[in-house]
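The values are calculated or read from the model by the stated rules, or taken from the named source; none is laboratory data. Computed from a prediction, not measured in an experiment: that's the story for all the values here. For neighbour counting, all protein chains shown are included, and Cβ atoms are generated from backbone atoms with ideal geometry for every residue, glycine included.
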């Protein structure tokens, strides 16, 4: 397949181009930098692969949940490039991308991504019959509200995501782990997005460019002054 993968839902930017069995990848600083560097970086990656944009079959994009700016940037760039080259898009859930990146370690993945403001984006996925099944839909929660699906304590699972690398969040998530569970800090990876995008393409899930829309989950982007003071008091 010939695919481009764009993932900028976190502070990291992850890109990949696939041409048959070969892949060209780049992982760099995201956040505010992504909006300024994303298009030139994509074009450079395509040049490395000796491909022109119209040669692609589709553009895969991480649709969220995640950072507002990163999601808007990724979806806007995917839309613009797809419209200009008459390509379809394959919007993929960001938390599923993390689950795919962790699949080598377990077929059961509880994803916990840092959502700032002492919250996480979380979802549970299970690999069964050659595809992912959603056991918990993506949601915004405090770490204390995150729960493993019933039965996973005995079966074991992976707790994966950027939240595990944040000390305050990691301490609260520790209670989810059992003897058979493991945890790892992971970010959405464009290589995992390529695999999910290829599978979505085979299922006929490609969409017109104007339907490459972000999935935010969160409506509030910052704490109020009273909320910040209450959070500070609770921690003291």
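Can you name every residue in the stretch 121-147 that is surrounded by 21 or more Cβ atoms within 10 Å (Cβ to Cβ), free of Cβ contacts under 8 Å to residues at least 60 places away in the same chain and in contact with a helix residue (DSSP H, G or I) (Cβ under 7 Å, 6 or more places away or on another chain)? 123, 125, 143, 146 - these are the residues of the stretch 121-147 that are surrounded by 21 or more Cβ atoms within 10 Å (Cβ to Cβ), free of Cβ contacts under 8 Å to residues at least 60 places away in the same chain and in contact with a helix residue (DSSP H, G or I) (Cβ under 7 Å, 6 or more places away or on another chain).
When the stretch 40-56 is filtered for residues that are touching a residue at least 40 places away in the same chain (Cβ under 8 Å) and farther than 11 Å from residue 17 by Cα, only 55 remains.
When 79, 50, 96 are checked against the criterion of being assigned to a loop (DSSP other than H, G, I, E, B) and within 21 Å of residue 1 (Cβ to Cβ), 50 stands alone in meeting it. Residues that are modelled with pLDDT of 95 or more, under 18 Å from the mean Cα position of the chain (by Cα) and part of a loop (DSSP other than H, G, I, E, B) are absent from the stretch 124-142 altogether.
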